[in-house]
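Reading through the structure tokens given below for one structure.
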Amino acid sequence: MDRKKLLEALLFPHIAFLCILTPAAASFLIHSMLTFETNSLTAVISYVLAFYTLTAWCIKAPRLFRKIKAFKKENRYMLLWQEDARLRANVSLYIALIWNTSYALLQLGMGLWHKTFWFCSLSAY
């Protein structure tokens, strides 16, 4: 593998790799900040990994934004979503109805489980 391909693979990793690397780097960084000294080898490795992850995301961002913008312009469902205000309103109302009904059912279930009037009244509310 020549240097150009290696450099491109390091600077522009696949999006799935970045999505896996981000929480791993964040958790490793938090762990090293809580348990290790700042000048230990493990802390330095976690700093470098977090720096690499942030840099890779920043380099990848313009390409990602261009792809999202092209997707919004070309997809017929996205165009329909952007143009139809009634559709957006109906979808948001249905989502709110489903969310509130599920929350009311949760409160009712907790009221029946714990045998308390408080949760049942919250469910009815």
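Has the range 39-46 got at least one residue that is closer than 27 Å to L64 by Cα and open to solvent by less than 80 Å² (accessible area, probe 1.4 Å)?
Yes, that holds for at least one residue.
Open to solvent by less than 50 Å² (accessible area, probe 1.4 Å) and not hydrophobic (A, V, I, L, M, F, W, C): is that true of P23 in this structure?
The answer is no for P23.
Give the residue that is modelled with the lowest pLDDT, with candidates limited to residues of the range 79-125 that are in contact with a Gly (Cβ under 8 Å, 6 or more places away or on another chain) and open to solvent by 60 Å² or more (accessible area, probe 1.4 Å).
L122
Among A24, A56, which is over 30 Å from A124 (Cβ atoms), in contact (Cβ under 8 Å) with a residue 40 or more places away in the chain and under 23 Å from the mean Cα position of the chain (by Cα)?
After ruling out the rest, the residue left standing is A56.
Within the range 71-83, is even one residue touching a Pro at 6+ places or on another chain (Cβ under 9 Å), without any contact (Cβ under 8 Å) to a residue 60 or more places away in the chain and basic (K, R)?
no
Of the residues in the range 56-74, how many are surrounded by 12 or more Cβ atoms within 10 Å (Cβ to Cβ) and under 21 Å from H14 (Cα atoms)?
Selection size over the range 56-74: 5.
Can you list residue pairs whose Cβ atoms sit under 9 Å apart, with the first residue in the range 4-15 being without any contact (Cβ under 8 Å) to a residue 12 or more places away in the chain and more than 13 Å from T55 (Cα to Cα) and the second being open to solvent by 90 Å² or more (accessible area, probe 1.4 Å) and not β-branched (V, I, T)? Count only pairs 6 or more apart in sequence or on different chains.
Sorted first by the residue in the range 4-15, then by its partner, the pairs are A9/M1.
The values are calculated or read from the model by the stated rules, or taken from the named source; none is laboratory data. Predicted, not measured: the structure shown is a model, and the values here were computed from it. Here the Cβ is made from the backbone with ideal geometry for all residues, glycine too, and neighbour counts use every protein chain on show. Ligands, DNA and RNA are excluded from the accessible area calculation, which covers all protein heavy atoms including side chains. Shrake-Rupley method; radii C 1.70, N 1.55, O 1.52, S 1.80 Å.
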